[in-house]
Amino acid sequence: MRALRLAWRLSGFLAALTILLVPHLLLFFVPVLRHVVPLLFFRFMVWLLGVQIDVTGPLPRRGSLIVSNHVSWFDIMIIGALMPLSFIAKSEVKAWPFFGHLARLHHSVFVNRRIGRHTLKERAQLAARLHRGDSLVLFAEGTSSHGLRVLPFKSSLFSAIEYLNNEILHDAPNRQDKAPVSVQAMTLAYTRRHHIAMGRRQRMAYGWVGDMTLLPHFFFMLAGPPLTVEIIFHPPLENVAQLSRKQMAQILHHQVSAGLEALTRGAPHPVAPLEMTGQKS
């Protein structure tokens, strides 16, 4: 049964790549397709793998920065199937087989995480995309995990948002055409197989971490049973322009961590606010 499922899904995956090849090429010439084609591809893959996505919470508005935990390469297909959006990815992703090509076609924003804070060029690119109304997804842990807990968020990844909001707050306080960037936390968890809740060891199997190679994990996902992925969209941050990058990272990490605990324990979803101490610096 597992072998038949793998063969069927692999055939569907290869067929989808072949069918979508021409639209992929057209992405460079027809901008309106740049979100449509990846969205259709991701939704097809979610259907092909028998994945059910349960979503709660307020959906992000256009031009939002969505901050999520990161479990696997498959997170990209799950999130990408929800709505038109792009991802903020480390520059190394461009060299990855297939996924690097898909990331470029999906108009991902590539940043060099080795140098700490975003460069002026990267800030300008992020600003242009967000002000254009593109929603961007940031995996703020800077890597993937087993999905049992949320790793610390790297505050340096929020430097561009802090800079952009400071610019709006101080340089154009009376302008109505620019508002602070909306920042919204999102929690993602792989919770059930065959509609039965998974234990810790089963959830760990879906994590793509460390030195794991892509191909074995890819075939593991293709051959796997029907899967349920749960997502919580937390309320957008309030007074985001008043927050430093470290405060943003702290609040968002609290929201995502509490959401993950709620999803994996079957607890209610509302997350208590985090009490902030100290001033913006």
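The values are calculated or read from the model by the stated rules, or taken from the named source; none is laboratory data. Every value quoted in this text rests on a predicted model; they were computed, and no experiment measured them. Glycine also receives a Cβ, built like all others from the backbone with ideal geometry; neighbour counts cover every protein chain displayed.
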| query | Do any residues in segment 147-166 that are more than 15 Å from ALA128 (Cα to Cα) have Cβ atoms under 7 Å from those of residues that are of a type in the set (Phe, Trp, Tyr), where the two are at least six apart or on different chains, and which pairs are they? | reply | GLY147/TYR190; GLY147/TYR206
| message | What's the number of the only condition in (1) surrounded by fewer than 21 Cβ atoms within 10 Å (Cβ to Cβ); (2) under 29 Å from GLN52 (Cβ atoms); (3) at pLDDT 80 or above that ARG129 fails to meet? | response | (2)
| remark: In the set PHE74, PHE98, the lone residue that is of a type in the set (Phe, Trp, Tyr) and over 12 Å from the mean Cα position of the chain (by Cα) is PHE98
| Residues that are closer than 30 Å to ARG201 by Cβ and either among the small types (Gly, Ala, Ser) or without any contact (Cβ under 8 Å) to a residue 24 or more places away in the chain (or both), drawn from segment 129-146 | ALA140, GLY142, SER144, SER145
| Mind checking which pairs have a first residue in segment 197-217 that is farther than 15 Å from LEU227 by Cα and a second that is acidic (Asp, Glu), Cβ under 6 Å, 6 or more apart or different chains? | none
| task | May I ask you to say which residue of ARG175, ARG149 is modelled with pLDDT of 85 or more and either over 27 Å from GLY199 (Cβ atoms) or surrounded by fewer than 18 Cβ atoms within 10 Å (Cβ to Cβ) (or both)? | result | ARG149
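Every residue, every condition in (1) of a type in the set (Gly, Ala, Ser); (2) on the phi > 0 side of the Ramachandran plot; (3) in a loop (DSSP other than H, G, I, E, B), yes or no:
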position	(1), (2), (3)
LEU39	no, no, no
GLN52	no, no, no
PRO58	no, no, yes
ILE76	no, no, no
LEU82	no, no, yes
ALA89	yes, no, no
GLY100	yes, no, no
| message | Quick check on my filter: what residues within segment 36-67 are among the small types (Gly, Ala, Ser) and in contact with a Phe, Trp or Tyr (Cβ under 6 Å, 6 or more places away or on another chain)? | response | GLY57
| field | Test: LEU188 is in contact with a helix residue (DSSP H, G or I) (Cβ under 7 Å, 6 or more places away or on another chain), surrounded by 19 or more Cβ atoms within 10 Å (Cβ to Cβ), more than 30 Å from LEU120 (Cα to Cα) and of a type in the set (A, V, I, L, M) | value | yes
| note | Expected single match for in a helix (DSSP H, G or I), within 19 Å of VAL183 (Cα to Cα), touching a helix residue (DSSP H, G or I) at 6+ places or on another chain (Cβ under 8 Å) and at pLDDT below 90 among ALA249, ALA241 is ALA241
| Selected residue (only one of LEU260, LEU157 is crowded, with 19+ Cβ neighbours inside 10 Å, under 17 Å from the mean Cα position of the chain (by Cα), under 19 Å from SER144 (Cα atoms) and at pLDDT below 85) | LEU157
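Residues checked against (1) surrounded by 19 or more Cβ atoms within 10 Å (Cβ to Cβ); (2) at pLDDT 90 or above; (3) basic (Lys, Arg):
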{"position": "VAL22", "(1), (2), (3)": "no, no, no"}
{"position": "PHE28", "(1), (2), (3)": "no, no, no"}
{"position": "LEU33", "(1), (2), (3)": "no, no, no"}
{"position": "VAL36", "(1), (2), (3)": "no, no, no"}
{"position": "GLY50", "(1), (2), (3)": "no, yes, no"}
{"position": "ILE79", "(1), (2), (3)": "yes, yes, no"}
{"position": "PHE98", "(1), (2), (3)": "no, no, no"}
| Within segment 60-74, restricting attention to residues that are part of a strand (DSSP E or B) and hydrophobic (A, V, I, L, M, F, W, C), which residue is surrounded by the fewest Cβ atoms within 10 Å (Cβ to Cβ)? | ILE66
